[in-house]
Every structure is written in structure tokens, then in C-alpha cells.
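What follows is a single structure, written as C-alpha cells, with notes after it.
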Amino acid sequence: MKRTHLIFILFAALLSACSPNSDRSQERFITVGTGGVTGVYYPTGGAICRMVKKNRAQHNIRCNVESTGGSIYNINTLGAGELSLGVAQADTAFKAWHGHPPFNNKQEKLRAVAALHPEIVSLVTRASANIKTLADVRGKRINTGNPGSGSERTASELFRVCGISKDDLAHEGRLKAAEMPDALRDGKLDGYFYVVGHPTANIKDAASSAPSHLVPLNTPCVAHMVAEHEYYVAADIPGGLYKGIDQATPSFGVKALLVTTTEAPEDVIYNVAKALFENIDDFRNLHPALRQLTAESMREGVTVPFHSGVEKYFRERNWKY
Ligand code: GLU
């Protein structure tokens, strides 16, 4: 092709991309903050974007997923205006809303879009570490979670309520979720906490690379935590999900929430809510941890007010909120 032709084609392409009437100029971009790639938040973010994409011809919203450090990172980054949506544990969203630590101020702009899957507090250990109960973590090398994760906060709260000092650990690890299974297999950790939906690739990884164990967390102090906070519920990690772990493991859990802020435009959040609630069957088939979702469960366990765009959608459906 002659050079002048090539320049002309490039120029025409540039003109059409910049034209105010082109579709591209009407596009809106949203980014969903999730968690580590082997957790459940990240594939759930992908599933959310797939649902949003179904109606792109109508709303022109382009959705992207970002792997992040987890709940606290997502809430802080939403607050800074650098994310449009984020996934966060309901306990951390509650703390953010009320300005409880680790948050310095009330995050009054935080809003809910939907409740997602239940996450269960999981203490994954190397079988040879012989950790049978929570109290056995004393003297062991335990990963509580990376900075910015909700897992780390919930594990710290569990330690506090159950009277376990982190000084009693041989080592408190702060590795990222995706790094934990290898560290367990290589003998660098005896166990790790992960507040996560099940099944998750992360624990599949751990259990298939070395004999692993899930520690029951059903002691009286856990019952106390559940009784004190409406966002915690007693819950079992089902048996048969991970290699060598055939029995259900009693523990407790918290809902994962899809959150945003009042800064997000009403029609964008309306369209996200519509995409999720109108495609629940497709949505829940995209990850086994989402399989139990229903239109009711997705409106329950929310610890911050719904966004006005979501309320608009609920009003259309005549749903109470
Ligand atoms: N609940 C975890 C956290 O906020 C993330 C779990 C996941 O990525 O699925 O740290």
C-alpha cells in the first residue's frame, strides 16, 4: 500500500474515533476491584462484567476487573475515587460505614449494590503441623493475610475475641492470598487464614500439593462473636470440595458484598443492578461459590445502604429494601 493511502486510512480512523457521534465517545468505563486471582472475588468480578456486557448495546458501559489486595483496599480505593465498584466483606463494609478501625473516618459515601456469596473463615493448615483447634496456633507460623485484605482483619478480630495474642505465634505471615498455598507446601507456613467463598482455587491448590487440613472454628468464643454481630453466622465448609478433606468443617461466615459510592452515576449502578438481578441464573453458573445465589439472598446481609440506582431498580420490581 502506498504511504499516502496508509496515512489517509489512519487519519480517517482517528477522525471516526474522535467523532462525538461515534459509539465510543458515549462509552462509560467501570472497574471492579476484587481480590487475589486464586480467590473467589476475582472470578466473581469477571462474572459481574459478563452480565453487564450482555446489555452493552443499551447502556454502553464497559466493565473491567482488577485483582487487588481485597476488602479494605477496595473500600479505601473506592473512597479515593479510583474504582467504581468493589467486592468487600460485610464486616469490613460495616466498619467502614461506622468509621471503626482500620478506617480513620466514617465512609459515608459507601453504598451497596448487592449481597453476593457467603464467605467462610477458613484456617488451612499443613496436616503435619498438627493444628487441631484454634488454640493450637500458638507457637506456629501462621499467615493472617496481606495488608488490605478483609481476611487479615477478621482473623485479628478472632484472635482478640478468643484471647490469642499474635505474640504467641512463632511468626505472623502477611503473604498475599495467591502466595499462601506454595508457602504452606514448602514448609514456610504451618497455616493460613482466608475468609473466602467455597470452593476456591486457592485451597484446591493447597490441598492438592500437600496433605492439608481445615481447622474447626466452633469454639465458644466464635459463638460469642456470632452472637454479638449480626453480620456473622455459624456456617460449615462443606466436605468433599478439597482433596483429603471429606468431612464438613464447622466455622462461621460473612457475606461478600458488591459495593460502590454515591459518586457513581445513578444510571450506571441501575444498569449494573439490572444486569445482575435479571440474569441471576447465568450469573450463579459462572462460579461454583455463587451457585446458591437468589434474588432474595442478594438483598440480605447488606451492612450499608443501597445505592440510589439500585433502589430505583428495586422500586421497579416492587421489592422492599
Ligand atoms: N475476603 C477476602 C478479603 O477481603 C477476599 C476473598 C476472595 O478474594 O475471594 O480479603
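The values are calculated or read from the model by the stated rules, or taken from the named source; none is laboratory data. Note that the structure is a prediction, hence the values are computed from the model and not measured. Here Cβ is always computed from backbone atoms with ideal geometry, including for glycine, and neighbour counts include all displayed protein chains. Quick note on the areas: whole protein, heavy atoms, side chains included, nothing else; ligands and nucleic acids left out. Shrake-Rupley method; radii C 1.70, N 1.55, O 1.52, S 1.80 Å.
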Taking 0.36 nm per residue of separation between Ala127 and Glu300 and subtracting their Cα-Cα distance, the length gained on full extension comes to 58.7 nm
Work out from phi, with θ = phi - 60° and the Karplus expression 6.51 cos²θ - 1.76 cosθ + 1.60, the ³J(HN,Hα) of each residue of region 261-278, listed in order in whole Hz, and give x for Gly and Pro.
-> 9, 5, 6, 6, x, 4, 5, 5, 5, 4, 5, 5, 4, 4, 4, 6, 6, 8
Does anyone have the angle between helix 3-18 and the longest principal axis of the chain? Alpha-carbon axes, 0 to 90°, nearest 10?
-> 70
Place a +1 charge on the Cβ of each Lys and Arg in region 23-69 and a -1 charge on the Cβ of each Asp and Glu, then give the dipole magnitude about the Cα centre in debye, rounded to the nearest 20.
-> 200
Helix-only [θ]222 nm of the chain, DSSP H runs n ≥ 4, -39500 (n - 2.57) each, per residue, nearest 500 | -10500 deg cm²/dmol
How far is it, in nm, from the label point at Arg174 to the one at Gln58 when both lie 7 Å from their Cα along the line to the Cβ?
-> 4.6
Among the listed pairs Lys176/Lys204; Lys204/Lys274; Lys166/Lys255; Lys54/Lys95; Lys132/Lys255, which are separated by more than 23 Å between their Cα atoms?
-> Lys204/Lys274; Lys166/Lys255; Lys54/Lys95; Lys132/Lys255
Set the Förster radius R0 to 30 Å, insert the Cβ-Cβ distance between His100 and Ser165 as r into 1/(1 + (r/R0)^6), and round the FRET efficiency to 0.05.
-> 0.90
Counting only DSSP beta bridges with both partners in the chain, the antiparallel fraction in percent, to the nearest 5, comes to 65
Considering only Pro238, Val226, Asn202, whose Cα is most displaced toward the positive end of the charge dipole of region 185-242, charges sitting on Cβ of Lys, Arg (+1) and Asp, Glu (-1)?
-> Asn202
Of Ala114, Ala234, Ala170, the one that fluctuates the most in a GNM where the chain has Cα springs shorter than 10 Å = Ala170
In debye, nearest 20: dipole of region 70-187 around its Cα centre with unit charges on the Cβ of K, R (+) and D, E (-)?
-> 120
Most mobile of Gln247, Gln26, Gln107 per a Gaussian network model of the chain (Cα springs, under 10 Å)?
-> Gln26
Rounded to a whole number, what % of the accessible area of region 143-256 do carbon and sulfur atoms account for, probe 1.4 Å?
-> 49
Among the GluC sites (Glu not before Pro) in region 189-275, which ones are in a DSSP loop with at most 12 other Cβ atoms within 10 Å of the Cβ? Mind listing them?
-> Glu230, Glu263
Averaged per residue, what accessible surface does the chain expose to a 1.4 Å probe, in Å²?
-> 46
Note down the nm distance, to one decimal, between modelled labels 7 Å out along Cα→Cβ at Lys188 and at Glu157.
-> 2.9
Residues whose built amide H sits under 5 Å from the amide H of Ser212, excluding neighbours closer than 5 in sequence, are Ala127
Per-residue accessible area, 1.4 Å probe, largest first, puts Ser251, Ser165 in the order Ser165, Ser251
